[in-house]
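Beneath this line is the structure, given in structure tokens, with notes to follow.
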Amino acid sequence: MGPFFSIINAKVRGEGFRRGNSTILTFVDTVVSHEAFTDRLLLRELVHVVKYEKLGLKEFAAKYVTGFLSGGSYEAIPLEMNAHELDDRCAAATTKAFSAVS
């Protein structure tokens, strides 16, 4: 086992990729959750599906892991921060359309 794998393994075991009491995994176009899907949860995960599509698996994985290792937590991963920002914008725009780009 190389040093890079050891670092990731230690981080994942410590953080567990858990947020609160939920564990959610999105891989390419499949979302698995141990909690009931809400509109907001599904929106955040669909943001990841689009990111997978746009970046490709290799680049998405590299950005996700690098963001996790750099930030030290789930909340500091830029891809997660972006999904939560879009979710917040959508929730605030309940009566009108909004752009996910701007």
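None of the figures in this text is laboratory data; all of them are computed from the coordinates on show. The structure displayed is predicted, hence computed values, not measured ones. Using ideal geometry, Cβ is built from the backbone for each residue, glycine included, and neighbour counts are taken over all protein chains shown.
The table below lists the values:
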item: By average C-beta atoms within 10 angstrom, highest first, the peptides 83-89, 44-50, 23-29, 56-62; result: 44-50, 83-89, 23-29, 56-62
item: Net charge of neighbours whose Cβ lies under 9 Å from the Cβ of A83, counting Lys and Arg as +1 and Asp and Glu as -1; result: -2
item: Distance (nanometres) between label positions extended 7 Å along Cα→Cβ at K96 and F37; result: 2.9 nm
item: Anchor K51: aspartates and glutamates whose Cα lies under 15 Å away (excluding residues fewer than 8 positions away in-chain); result: D29, E59, E80, E85, D87
